[in-house]
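Throughout, read-outs are computed from the coordinates displayed, never taken from laboratory work. Note that the structure is a prediction, hence the values are computed from the model and not measured. When we count neighbours, we look across all protein chains shown, and the Cβ atoms used for this are built from the backbone with ideal geometry, even at glycine.
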Amino acid sequence: MKFLSLFSLIAIFFLTTACPGKKYKSNLDKLQDNDMNFPNLNRFIFEDISFLKPDMLEKEYSESYIISDIYETFVAYEIYTHFSVELFTASRIDVIQYSFDEELTDINAVHDNYVIRRENSLYNYSTSIKKEVPESVGFNGCIQIIHGDTDDYDYDYAETTSYFLATLEVKDEIYVFQMIGKKDNLGYLYDDFVTILSSIEL
């Protein structure tokens, strides 16, 4: 009987030590292990396009920071990062065009309208100069960065929030991509945002 008890104790010891649980890695750990770049990007289909989306950005069901009725939103809570893609239809673009006194191209109307609405939601904001997207992005588009405080916004960030905003024209359709997060964190992810934009395919 003693032998059986001793054997049971030894078996339990080996079972609990020989197969330890897999060490949990936070999203921040994963970023740091990958030189502050998103690991594990997989192709995601949205309407008529597809692009590489980081696995750590999980499906989110929030409409608080988007404008279009056709969209997908994602979030990585551990690194306080949100990501969205929106499609603007011709009818929605016509409404946006009507809000401007001057006539703008579709892409500039959608982009400028988005920037204005974002600025109006912030306190003490600063906005970069509108630039063309990098050459690595295979479509016509513009990109801007907005920083601001969000005291009256839906997010309770302790620090200044940054918004990466890119508007692209893909086969006569207008898409807006956003990445949102703490300014100090998001500074490391700008190149990842460009990587996502550069991966867009029809």
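What nm distance separates the two modelled labels at E119 and D149, each placed 7 Å from Cα along Cα→Cβ?
Placing both labels 7 Å beyond Cα along the Cβ direction yields 1.9 nm.
Going by how many other beta carbons lie within 10 Å of each one, how would you line up H111, H82, H147, fewest first?
With the fewest neighbours first, H111, H82, H147 line up as H147, H82, H111.
What ³J(HN,Hα) values, in whole Hz, does the Karplus curve 6.51 cos²θ - 1.76 cosθ + 1.60 give for the range 192-201 when θ = phi - 60°, with x put for Gly and Pro?
5, 4, 5, 4, 4, 4, 6, 8, 5, 9
Quick one: grab the alpha carbon gyration tensor of the range 99-202, order the square roots of its eigenvalues as a ≥ b ≥ c, and give me rounded if a/c is under 1.5, else prolate or oblate depending on whether a/b is larger than b/c.
Taking the square roots of the gyration eigenvalues as a ≥ b ≥ c, the range 99-202 is oblate.
Order of K130, K182 from fewest to most other C-beta atoms within 10 Å?
Listing K130, K182 from fewest to most nearby Cβ atoms yields K130, K182.
Given a Förster distance of 41 Å, report the FRET efficiency between D101 and D48 from their Cβ-Cβ distance, rounded to the nearest 0.05.
0.80
Could you work out the helix-only [θ] at 222 nm for the chain, with each DSSP H run of four or more residues adding -39,500 (n - 2.57) and the total divided by the number of residues, to the nearest 500 deg cm²/dmol?
-9000 deg cm²/dmol
Report, to the nearest 10°, how far helix 106-120 tilts away from the longest principal axis of the Cα atoms in the chain, using its own Cα long axis and a range of 0 to 90°.
Computed tilt is about 70 degrees.
Which of R43, R118, R92 comes first, and how do the rest follow, when ranked by fewest Cβ neighbours within 10 Å?
Arranged by neighbour count, lowest to highest, R43, R118, R92 become R43, R92, R118.
Stretched out fully, how many nm does the piece from E135 to D191 gain, at 0.36 nm a residue minus the Cα gap?
Gain on stretching E135 to D191: 18.8 nm.
Might you report the magnitude of the Cβ-based charge dipole of the range 24-198 about its Cα centre, with Lys and Arg at +1 and Asp and Glu at -1, to the nearest 20 debye?
400 debye
For the range 80-179, run through the GluC sites (Glu not before Pro) and keep only the ones in DSSP coil with at most 16 other Cβ atoms within 10 Å of their Cβ.
Hits after loop and neighbour filter: E102, E103, E135, E159.
How high is the relative contact order of the chain, in percent, counting Cα pairs under 8 Å that sit 6 or more residues apart?
Averaging sequence separation for qualifying contacts and normalising by length gives 20 percent for the chain.
Consider the candidate values (i) 22.4, 93; (ii) 19.0, 63; (iii) 18.7, 56; state which one is Rg and Dmax of the Cα atoms in Å computed from the structure displayed.
(i)
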